[in-house]
1. Considering only the range 157-200, state which residues are exposed (fewer than 14 other Cβ atoms within 10 Å of the Cβ) and either closer than 16 Å to ALA240 by Cβ or of a type in the set (Gly, Ala, Ser) (or both).
2. Report, by residue number, each residue of the range 1-28 that is assigned to a helix (DSSP H, G or I), of a type in the set (Gly, Ala, Ser) and buried (at least 17 other Cβ atoms within 10 Å of the Cβ).
3. In the range 168-210, which residue that is without any contact (Cβ under 8 Å) to a residue 12 or more places away in the chain, assigned to a helix (DSSP H, G or I) and aliphatic (A, V, I, L, M) is farthest from SER122 (Cα to Cα)?
4. Starting from residues that are of a type in the set (D, E, K, R) and free of Cβ contacts under 8 Å to residues at least 40 places away in the same chain, keep the ones in the range 211-240 and report whichever is nearest to GLY14 (Cα to Cα).
5. Go through the range 87-105 and give me each residue that's modelled with pLDDT of 95 or more and over 16 Å from the mean Cα position of the chain (by Cα).
6. Pairs please, first residue from the range 9-25 and in contact (Cβ under 8 Å) with a residue 12 or more places away in the chain, second anywhere and of a type in the set (Phe, Trp, Tyr), Cβ atoms under 8 Å, 6+ apart in sequence or on different chains.
7. Those residues that are in contact (Cβ under 8 Å) with a residue 12 or more places away in the chain and either at positive phi or surrounded by fewer than 24 Cβ atoms within 10 Å (Cβ to Cβ) (or both), I need them from the range 76-89; list them, please.
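The values are calculated or read from the model by the stated rules, or taken from the named source; none is laboratory data. Note that this is a predicted model, so its numbers are computed, not measured. Methodologically, a virtual Cβ is constructed for each residue, glycine included, from the backbone with ideal geometry; neighbour enumeration extends over all protein chains shown.
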Amino acid sequence: MIKSLESRSVIVTGGSKGIGRGIARGFGAAASRVLVVSRHLDQARAVADEIVAAGGTAAGFAADVSTPEGNAAMVERAVELYGTLDILCANAGIYPAAAIEEMTVEDFDKVMNTNLRSTFLSTAAAVKAMKGKGRGRIIITSSTTGPITGYPGWAHYGASKAGQLGFMRTAAVELARYGITVNAVIPGPIMTDGLAELPQAFLDKIAAAVPLKRFGGVDEVANGVLFLASDEAAYVTGHALSVDGGMTLPEFEMALDDTASLT
């Protein structure tokens, strides 16, 4: 456990399921005080209850983080509960599929608002609570899709995730004067509840394209987030940490063949 995270006040947006749930539980295990944020209060409270049952400190909160009001309310609640805000994990995101020629403006805007606009709004709200402290941590959950790779049906999703990294770099420069670092994690194939429901043959095909030959776990993404949130990462800012099992490394698929060589 990273000792510097003990008693830190943490907000995790999109914290009720998948990677967000793993991040929230990771901070709970590190003895941080967690505010689990979701659009659905019952789901946020369910994760908070898991953390408390494991001996941690947590509460659930419902907010629409694509709105200024939702972000202001969640920061206010974290400060009300824990007296301060030390860490923001901007994790909220959606990934509906739609081909470009079938995608509507409403489809595009919904993804951009949930994924990219919320990153900006959550960061802006958190900074107001952090800047007077001389210290703060903001960690964004991006994706391999968009910043590094592309996949049919996810043009809007990829654009939002690439946009998050562009936002991160300038935010890191602007907020450094306040002692606030801004970083991101870039998860690759991570086994979540939704993926677990897909056909095994499909999952096996994805795993075969990963040099480590497996999916990652949500706890492995959480470990990267915990490091970036810690005092040990105080001199790391504007960095995107890939947690992808090496998926984006092979130049060609044949590089994963055990017999691959240049001769």
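1. GLY166, THR170, VAL173, ALA176, GLY194, ALA196, listed by residue number.
2. Once the filter is applied, which keeps residues that are assigned to a helix (DSSP H, G or I), of a type in the set (Gly, Ala, Ser) and buried (at least 17 other Cβ atoms within 10 Å of the Cβ), the range 1-28 yields GLY18, GLY20, GLY22, ALA24, GLY26, GLY28.
3. This residue is ALA201.
4. Step by step, filter the range 211-240, then rank; the result is GLU220.
5. ALA98, ALA99, ILE100, GLU101, GLU102, MET103, THR104, VAL105
6. SER9/TYR82; VAL10/PHE27; VAL12/PHE27
7. Scanning the range 76-89 gives ARG77, VAL79, LEU81, TYR82, GLY83, THR84, ASP86.
Table: residues versus (1) within 29 Å of PRO250 (Cβ to Cβ); (2) at pLDDT 95 or above; (3) among the acidic types (Asp, Glu); (4) assigned to a helix (DSSP H, G or I).
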| site | (1), (2), (3), (4) |
| --- | --- |
| ALA59 | no, yes, no, no |
| LEU85 | no, yes, no, no |
| ASP107 | no, yes, yes, yes |
| MET112 | no, yes, no, yes |
| PHE120 | no, yes, no, yes |
| LYS133 | no, no, no, no |
| SER143 | yes, yes, no, no |
